[in-house]
1. Scanning segment 205-215 for residues that are at pLDDT below 90 and open to solvent by less than 20 Å² (accessible area, probe 1.4 Å), which turns out nearest to the chain's Cα centre (by Cα)?
2. Among Phe411, Phe403, which is the only one that is within 30 Å of Thr169 (Cα to Cα), open to solvent by less than 30 Å² (accessible area, probe 1.4 Å), not hydroxyl-bearing (Ser, Thr, Tyr) and not in a helix (DSSP H, G or I)?
3. Can you run down the residue pairs with Cβ atoms below 6 Å, 6 or more apart or on separate chains, where the first is in segment 371-400 and touching a residue at least 12 places away in the same chain (Cβ under 8 Å) and the partner is among the acidic types (Asp, Glu) and surrounded by 24 or more Cβ atoms within 10 Å (Cβ to Cβ)?
4. Taking the options Thr52, Thr63, name whichever one is open to solvent by less than 60 Å² (accessible area, probe 1.4 Å), under 30 Å from Glu167 (Cα atoms) and without any contact (Cβ under 8 Å) to a residue 60 or more places away in the chain.
5. From (1) surrounded by fewer than 24 Cβ atoms within 10 Å (Cβ to Cβ); (2) in a loop (DSSP other than H, G, I, E, B), pick out the condition that doesn't hold for Pro135.
6. Among the residues of segment 296-319 satisfying the criterion of being in a helix (DSSP H, G or I) and hydroxyl-bearing (Ser, Thr, Tyr), which is farthest from Leu101 (Cα to Cα)?
7. I'm trying to understand the selection: among the residues of segment 161-180, which are open to solvent by 10 Å² or more (accessible area, probe 1.4 Å) and under 18 Å from Cys206 (Cβ atoms)?
8. Of all residues in segment 353-398, which are farther than 22 Å from Gly427 by Cβ and open to solvent by 50 Å² or more (accessible area, probe 1.4 Å)?
Amino acid sequence: MTAAIIPDVPASPDNLSSTRAEPLPAPAGGRLGAAHWIAQIGLFCMPALVLTVPVNLLPYALTLLVSTLLAPELLWRARGMGGTPVRALTWLMLAAVALGLVSVVLFEQGLRDVDNRSRFLVIPWIALWVCALRPDMRWLWRGALAGLVGSFLLSLLQVLQGAPRAELTTNAIVLADIVVMLMVLLVFCRPSRRWSLVIVGMAAGCGTIVLTGSRGVFAALLALLVVLALSLRWRTGVARLSVLAGMLAIGATLLLSVPELRHQVRLTELHSDVQKLEQGDVDSSAGARVERLQVAWQTFLDHPLTGVGIGHFDSAMQRVPVCRDDPAEVRCHLGHAHNDVAEWAATQGLPGVLMLIAVYGVPLWVFVYLHRRSGRVTFRGPAAAGVMIVIAYVLCGLTQSMFAHQMTASFYVTIVGLLTGLSLLEGARHRAKA
């Protein structure tokens, strides 16, 4: 496999011994070595800067492009290493883009409406980029830690300056969603004996989530903590779950008993929203979500095969009387359904629902497959991180349209490609050593 990817290395006895020591050595020296180090910088920049700079993923995109141009032959040779996982993700990429284009043609929309779906094009590129240039996964972990600490400090500064909720350069919900994804990388890509830094990063992440006031991210955060507790090799499963239950009890007690925290996570507002809903008033955060689910269902029944067009959920809201009577009503112009299934069903019909299942199901299958071939006996590593990223996206998608926002859509396709490539490398190294 190594010879297929880097055939320029002569098969001398010295080289054979070094290959046995490191089955998949990284490119070293000259142009290829520079591409390798730029790839490592990019691996750090992706999670470190996605929330802390206004251009979020642009620095990573530049390192991806420059390192690819420096070593295009390595990416070409790495295509044989991708195997079934990269082929499956390539078919997923083609299907997602094709379905978006069909919707654009049917409704005579501009190509801008398919922009977020076009980002799926980079998944196989990024996976082969990792296989070819072989950046060290520790840079991804360090970037996640830097991103969590940096986003917490910036969020705290924003709230102290008078903002009601931390948003940074995006919105509060997207900020909280991406923070959970960085916490997944921090936990499951961790090097050995780095628990003190993991605790620091987790505390920073939880602090940022509180400052955002986002409640929809709690399900994903709970899933992360439960899987973390079960995957640790510490005493018995009951003991681990007991520790987790104690931590959750302490956190819940603080949120409910400290007025400032209760106000920041909008628990009082949630209680008020529920009371309004019981009286039939949907003019609230929770009420607007329920209303949009109802609109999405009725729209799906009216247009089961095509929906109303990708990116045009607001046109479905015109069936609501208040949206017809008052065009300036804010809740009629939120741009999406605040739920993944509702969004894809209302805008693309049944094909959209099936495509959404594939968008999450195919990467989930890929990561489970790669984890089984990784040689790991515990649930840890890039494939395990990939499984949890998909699960977290599904749970966050219950209260947010994850592919209606540039940042969450870009982060998903980027991290799926990166973790696929890192998992392929890990599996190849395990098989070569075995």
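1. It comes out as Ser214.
2. The conditions single out Phe403.
3. Cys396/Asp177; Gly397/Asp340
4. Of Thr52, Thr63, the one residue that is open to solvent by less than 60 Å² (accessible area, probe 1.4 Å), under 30 Å from Glu167 (Cα atoms) and without any contact (Cβ under 8 Å) to a residue 60 or more places away in the chain is Thr63.
5. (1)
6. Filtering first and then ranking leaves Thr299.
7. Matches in segment 161-180: Arg165, Glu167, Leu168, Ile173.
8. Correct list: Leu354, Ile357, Val394, Leu398.
The values are calculated or read from the model by the stated rules, or taken from the named source; none is laboratory data. Remember, it's a predicted structure, so these values are computed and weren't measured experimentally. We place every Cβ from the backbone using ideal geometry, glycine too, and count neighbours over all the protein chains shown. Heavy atoms of the whole protein, side chains included, go into the accessibility calculation; ligands, DNA and RNA do not. Shrake-Rupley method; radii C 1.70, N 1.55, O 1.52, S 1.80 Å.
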